[in-house]
Every structure is written in structure tokens, then in C-alpha cells.
Amino acid sequence: TTLFRSFCPRPPLPMASPRVWSPLGPLVLLLLLGAPHTGAQSEGDGTQVEPVIESLVKPESCAETSAWGDTVHIHYTGKLEDGRIIDSSLARDPLVVELGKKQVIPGMEQSLLDVCVGEKRRVVIPPHLAYGKRGFPPAIPADAILIFEMEVLALLKATYWQKVVSDVLPWICIGLVPALLLLIGLHLYSRAKAPHISKKKLKAEKKSKSKKNKDRKST
């Protein structure tokens, strides 16, 4: 399984006072293995809850916009509803995000679609698209609504072959699992069906062949 995972594709922070950044800050955005389910959810009245996206600054001309598979370089500042800053990249290198790879929380990833280079956005992310009912204590409480302000610094469009590999490789990997299991099963089955010869019989056959060879040489 370790070998299979290495070939096949498929992310913490102490409580900080405002304007004080932790060196572990970028990890706030990463999807942890234990992150809550991020599928479509709704409020009790059945209405869909999605990120609220507001464009603060948008360039007059925009030749290309981001899409799934593209890579964006951004600066961001994340806050809670009470204004407390939980993380910011302004004092670090820009954050690099490949859209569709689940490298950041779902609400942020969705808010980075259809953006232009130079565009600034403010997004309000509901809990189920962030850290859900568990939160990320002590920095992010349970059911926390997160507010991010982001600026897109660069956009790298995915090439045709990158898109093909991204779309096809996961399916190939999924198909490899049953294929490998089938080969292992056939190998074990063939070994089980093969006639079993005892060590004594093998030893006797070996002596018999050796004796025959000696008789031939003597004649």
C-alpha cells in the first residue's frame, strides 16, 4: 500500500493575538486528514449555504480567469467574525494553490475560481466549508465562520497534458488496486493447486537420478 500511495494522487496554530503571526500559520489552511466532511450541506430550512464572495478590487482588463487545475499565487489574511486574525501570509511568501487538489479548505478553494491576476476578494466561509463542528482549537472554535481577504498575485494556467493526467491518473490508480489483488489471488491459487511433493520424495528422486547417472558413466 505504501508503494501504491507513492505513485497515486488523491492537510495547526496556537491562539494568536491580533497582528501576531505564528510560524505554523500556513498550516491553518491545509486540509487535515481528520478534517470534517465537506460535501454539500444546508441550513435547517433546506437552503444551501455557500461562501459569500465580494470582489474588492478587479482589474479593468482580465485576459484569463482561474479554473480547476490552474495554479494561483495569493496573499491572504484570515479572521474570525469578531475580527481576531488567525493567520496572514503578508509577512511570508505568497501561498501557492493548485485548484482541485484540496490543498486548502473547500471554502477558500471555491472562492479562488474565476479570479483575475490583481483581483482582491473578501470571502465569508461557512463552518461546513472550513473546520466544521470540531474547529481547530485553540485558534479556531467549533462552528466558526471564517473571513478571508485575498489578493491574486499570479495565475498559471494548466496545460492540456496536465489536465489529462489530473483527470485520468486517479482512475488508473483506482483500477490498479483490483488488478493487483487479482494477480495476487491467481498466484496463490496456482500455488495451492500445484501438486505437493514431499521433501522425502524429492530426496529419493534426486538419489535415483544420481544413481542412474553413475550407472551410465560406468557402462
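The values are calculated or read from the model by the stated rules, or taken from the named source; none is laboratory data. Because the structure is predicted, anything quoted here is derived from the model rather than measured. Here the Cβ is made from the backbone with ideal geometry for all residues, glycine too, and neighbour counts use every protein chain on show. All accessible areas refer to the heavy atoms of the entire protein, side chains included, with ligands and DNA or RNA removed. Shrake-Rupley method; radii C 1.70, N 1.55, O 1.52, S 1.80 Å.
For the reader, a short list of remarks on this structure follows.
- Under 5 Å, built H, 5+ apart or other chain: amide partners of Asp70: Leu99, Ala158
- Legend: distances between Cα atoms for Lys102/Lys157; Lys79/Lys157; Lys79/Lys133; Lys58/Lys102; pairs beyond 22 Å are Lys79/Lys157; Lys58/Lys102.
- Surface exposure of region 111-153, expressed per residue as accessible area with a 1.4 Å probe, stands at 38 Å².
- Region 74-170 - percent relative contact order, Cα under 8 Å, separation 6 or more: 32
- Cα gyration tensor, region 53-180 - rounded (a/c under 1.5), prolate or oblate: oblate
- Charge tally for Lys120 (other residues, Cβ to Cβ under 11 Å; Lys, Arg +1; Asp, Glu -1): -1.
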